[in-house]
Amino acid sequence: MERETIDVVGARTNNLRDVSLSIPKGRLVAFTGVSGSGKTSLAIDTLHNEAQLRYLEGLSPFVRQYITQRNRPKVDRILGLGATLAVDQRRLNRNPRSTVATITGIDGHLGLLYSRLPGIGAAPAAESADGHLTTAHFDRNTPEGSCADCHGVGGRWQAQEDLIITCPELPLFEGASPWFAKWRSGEHAFVPALAEKRGVDLGRGGRCLRSSVTACCTARVRRRSRRPSTCRTRMRRP
């Protein structure tokens with residue numbers, strides 16, 4: 001019969017002094033107290049660490065060698081403890097690839113779990129050489145698991161050519177583009193040299209430029225602006 005409580009006996013982690021208590025399951029439980037009273041030591045360093053250790057003990061030695069080892073909390077015994085998920089008080093270092101799974105550290109465990117489950121279907125191109133899924137297929141930071149389009153970021157950066165060449169009837173350096181309206185950086189030296197190499201007359205209107213020159217200019221401005229593809233509603237015309 002499943003226990004209805006989580007029973008902690010003799011917890012001595014950090015500043016805890018032989019703390020024993022019963023925590024009801026299926027309810028929202030809050031630990032309150034002044035700073036340094038042991039709230040985090042009980043919830044994170046005792047209960048969560050013990051649950052993580054019990055989970056890791058069920059994995060093979062080969063898998064455990066790639067997972068950071070944890071120290072067992074100082075406690076006599078904990079009964080009725082199941083799987084836990086902890087969001088602690090550390091400052092988060094977010095990046096475009098951050099999710100709840102990566103912040104809480106369960107992304108690697110989920111990938112390991114899914115790769116071991118039978119009957120998980122996948123496209124033939126996403127399977128490994130032997131036809132089976134591996135943990136790499138569930139990791140966005142690997143070639144097997146990342147999106148070939150966004151590379152795991154969740155979006156694409158793309159320049160809008162019509163926002164660069166705003167007046168295509170004018171020459172490039174005479175009002176065709178706000179990017180080239182003023183003497184800024186290397187574009188004024190880069191574009192004429194490229195146009196001379198490609199045999200393009202920059203005195204003609206922007207719409208008459210060869211597609212090869214337009215593509216090169218767009219790629220160079222894209223590296224500078226780093227604007228997302230949704231920048232159409234954000235950029236203002238100078």
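Each reported figure results from applying straightforward, stated rules to the coordinates on display, with no laboratory input. These figures come from a predicted structure and were not determined experimentally. Virtual Cβ from ideal backbone geometry, glycine too; neighbours counted across all protein chains shown.
First measure r as the distance between the Cβ atoms of GLU2 and GLU144, then evaluate 1/(1 + (r/R0)^6) with R0 = 35 Å and state the FRET efficiency to the nearest 0.05.
0.35
Where a Cα-Cα gap under 14 Å defines reach, which aspartates and glutamates qualify for LYS25, not counting those fewer than 8 residues away within the same chain?
Partners within reach: GLU2, GLU4, ASP7.
Any chance you could run the full-extension gain for ALA189 through LEU56? It's 0.36 nm times the residue separation minus the Cα-Cα distance, nm to one decimal.
Using 0.36 nm per residue and subtracting the Cα-Cα distance, I get 41.9 nm.
Using label points projected 7 Å from each Cα along Cα→Cβ, tell me how many nm separate TYR114 and ASP18, to one decimal.
4.8 nm
Mind listing the long-range amide H neighbours of THR5? Cut-off is under 5 Å, sequence gap 5 or more, other chains count too, H placed in the peptide plane at 1.01 Å from N.
Under 5 Å from the amide H of THR5: LYS25.
Would you kindly state how much longer the chain becomes between VAL100 and THR84 on full extension, computed as 0.36 nm times their sequence separation minus their alpha carbon distance, in nm to one decimal?
4.3 nm
For HIS132 and TRP157 in one chain, what is 0.36 nm times their gap in residues minus the Cα-Cα distance, to one decimal in nm?
The span from HIS132 to TRP157 would gain 5.7 nm if fully extended.
Cβ under 12 Å from GLY58's Cβ, GLY58 left aside: what net charge do those residues give with Lys, Arg +1 and Asp, Glu -1?
Around GLY58, the surrounding residues sum to +2.
Between VAL63 and ASP76, how many nm apart are label points set 7 Å from Cα along the C-beta direction?
Label at VAL63, label at ASP76, 3.4 nm between them.
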